[in-house]
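The values are calculated or read from the model by the stated rules, or taken from the named source; none is laboratory data. Nothing here was measured: the structure is a model prediction, and the numbers come from that model. When we count neighbours, we look across all protein chains shown, and the Cβ atoms used for this are built from the backbone with ideal geometry, even at glycine. Accessible surface is based on the protein model in full, side chains and every heavy atom, while ligands, DNA and RNA are left aside. Shrake-Rupley method; radii C 1.70, N 1.55, O 1.52, S 1.80 Å.
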Amino acid sequence: MAVLRAVVFDMDETLLSINLAAFIAVLARDESALLAEAGRRSTWTMVAAYTRALLEVNQPGHDGTRTNREIFDAAIERRSGVVLADPVVRDMIECYEREVLPNRNDRIIDADPMPGGIRAVEAALSRGLRVALLTNPSFSETCIRCRMRWGGLEDLPFELVTTLENSRHCKPDAAYYRESLSELGLSPDEVLMVGNDPKRDFPEPDCGLKTAYVGDGAPARAMWAGTMERFGERFDEVVEAFEGD
């Protein structure tokens, strides 16, 4: 019989209600403008380079020798000539993400705690289970921590938060899930993934990790499907389903 030892959560539209497309658009626009000024490039050149770099990070099949940060930075330099590792450039971007980005949550991005999200994490903790935040690591730790604060998640005891700097793959690549669980010292059959994305929150190919789905519809691969609120309210039933499967 399977024994559940940890619950790992996606963040955007799982624990955090957010217009993620708007957030990405604002981040890409603002940082591209800063990089264009620093590198004396056109804004459009930098927007194109930034967008392609994000896409490159999210491509499956990376060999695991470089972090996502290294892949992103190399792609920016290759496409625009701007060196993100330059101390002046790095400090400028870090200052933006630390001081400016937290104030960008407006009526369009509309980030707020997902109803039932914190209760779900607390339900797992109350049973002595370990928790981690397996958000897609396309963004820096500073950007991810910013969104965590918007969702009221910053004080929850996540043992791991995946970021651009500490990951070498992205969702839904099974290598991302194996890497993250290895960092926690867990195997896929001991862990429940909770997420809303019918593609990214199910490892590809299947690596034995079960997913509770809290998005729209009910994917065939989902071990359980429902709302985030219902997940927290019926967590005991979810555990029984996991361990009885």
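Points worth noting:
- Amide H contacts of K210 (H built 1.01 Å from N, in plane; Pro and chain starts excluded): V191, M193 sit under 5 Å, all sequence-distant by 5 or more or on other chains.
- Whole-percent carbon and sulfur share, accessible surface of region 149-233, 1.4 Å: 44 percent
- The H on the amide N of E204, modeled in the peptide plane, is under 5 Å from the matching H of D173, A174, each at least 5 residues off or on a different chain.
- Take the chain with all the other protein chains still there, run a 1.4 Å probe, and you get 47 Å² of accessible area per residue.
- Phi to ³J(HN,Hα) by Karplus 6.51 cos²θ - 1.76 cosθ + 1.60 over region 8-16, Hz, x for Gly, Pro: 10, 10, 6, 10, 5, 6, 10, 9, 10
- Length gained when the stretch R29-M223 is fully extended (0.36 nm per residue, less Cα-Cα span): 66.0 nm
- Across region 73-88, computed HN-Hα scalar couplings (Karplus, 6.51 cos²θ - 1.76 cosθ + 1.60, θ = phi - 60°) run 4, 5, 5, 4, 5, 5, 8, 10, x, 7, 9, 5, 6, 4, x, 5 Hz from first to last residue, x flagging Gly and Pro.
- Relative to the current alpha-carbon distance between E233 and C207, full extension at 0.36 nm per residue lengthens the span by 6.6 nm.
- Taking region 185-220 and a reference point 7 angstrom along Cα→Cβ of E243, the backbone N atoms nearer than 14 Å belong to 190-192.
- Residues whose amide H lies under 5 Å from that of A225, counting only those 5 or more places away or on a different chain, are Y213; hydrogens are built 1.01 Å from N in the peptide plane.
- The Cα center of region 39-112 and the Cα center of region 148-180 differ in position by 18 Å.
- For the pair A48 and E99, label points projected 7 Å from Cα toward Cβ lie 3.2 nm apart.
- For a label point 7 Å along the Cα-to-beta-carbon line of D112, residues of region 2-28 with backbone N under 20 Å: 11-24
- Cα point-scatterer Debye curve for the chain, base-10 log of I(q)/I(0) at q = 0.07, 0.08, 0.09, 0.13 Å⁻¹: -0.24, -0.31, -0.39, -0.80
- HN-Hα J in Hz across region 90-102 - Karplus 6.51, -1.76, 1.60, θ = phi - 60°, x for Gly and Pro: 4, 5, 5, 5, 5, 5, 4, 5, 7, 9, 9, 3, x
- Here the sum of -39500 (n - 2.57) over DSSP H runs of 4 or more residues, divided by the residues of the chain, equals -13000 deg cm²/dmol at 222 nm, to the nearest 500.
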